[in-house]
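So the structure is just underneath, and the comments pick up after that.
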Amino acid sequence: MERKKKNKLVKASTVTKSTLRTVSPLQAFVLHLICGLGLASAFWVARNVYSVNLIGNPAQTLRLIWVIEAPIVILLYSVFRQNPSQCSYVKAVARGFLALPFGQYSSCPLYTHLDRHLAWFLLSELVGAIANALGAIVLGAPVGIKYFPGTLNWSLLMSALTFVPAASVFGSSWTEWHRIFAQTKPIEYIDYMICLPAHGAVIGSWFGAWPMPLDWERPWQEWPVSVTYGSIAGYLVGMVASFGILLFHGVRQRVKGD
């Protein structure tokens, strides 16, 4: 039984390696850099173009952040999609944006030409946002119409940082999703690029929620300001950590080669 399980794991890892594009440390650095610059530019646009900020206008600012960051994440992670020989980049992105509106019409001729796996680009944004919103409420986020826009936009941002990269690369492959998020067992470089920033964002949001119940009476303690700062900080730390691991493995392989 143990041998069979080991053989299955070996076969699964072999299939994963054969269906994913390889990622170099330089590519990982560029991807993370652009994603980080996307967040920075979103804050810049919010402050200098729309004259809003996270403390004074959390819902509007969060909406600007995820609207700018989500397409960047989709376009970049699509490069490293699974089965690139069967799914071109343009086709993957196009079907990702088009499949969701036709998802409920499974018999629609147009939908039959769209890969349902890649519809997860937008489907994961919706499902992930709902999961993040429910999780936020369970962890103490205020409930009410007043807080709904902030909670919704924070959930969409969290979805863009956590679920969307996995959907861009793995589609609806339950095995890969379970391995990355449930088991936390990254194998390839792209796995680290998805897993660590996503976990960092979740852990960071958890730490960011700590100051909320304290009676300091600071404006940044309001929902979802501190949680957003925590999630973004955790996401950035996760990106740095994933790049460090890729760089370490790259140097190690060179040493072994020599």
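Among the residues making up region 192-218, those that are touching a residue at least 12 places away in the same chain (Cβ under 8 Å) and of a type outside the set (A, V, I, L, M, F, W, C) are TYR192, PRO197, HIS199, GLY200, GLY204, SER205, GLY208, PRO211, PRO213.
Scanning region 45-80 for residues that are among the aromatic types (Phe, Trp, Tyr) and closer than 30 Å to ILE145 by Cβ, we see that the one that is farthest from the chain's Cα centre (by Cα) is TYR50.
All of (1) in contact with a Ser or Thr (Cβ under 8 Å, 6 or more places away or on another chain); (2) modelled with pLDDT of 80 or more hold for ALA167 with one exception: (2). All conditions in (1) within 28 Å of ILE245 (Cβ to Cβ); (2) at pLDDT below 90 hold for VAL90, with the sole exception of (1). The residues of region 59-89 that are crowded, with 21+ Cβ neighbours inside 10 Å and outside any helix (DSSP H, G or I), listed by number, are ARG81, GLN82.
The values are calculated or read from the model by the stated rules, or taken from the named source; none is laboratory data. What you see is a predicted model, and the numbers here were worked out from it, not measured in a lab. Every residue, glycine as well, gets a Cβ built from its backbone with ideal geometry; the counts of neighbours run over all protein chains shown.
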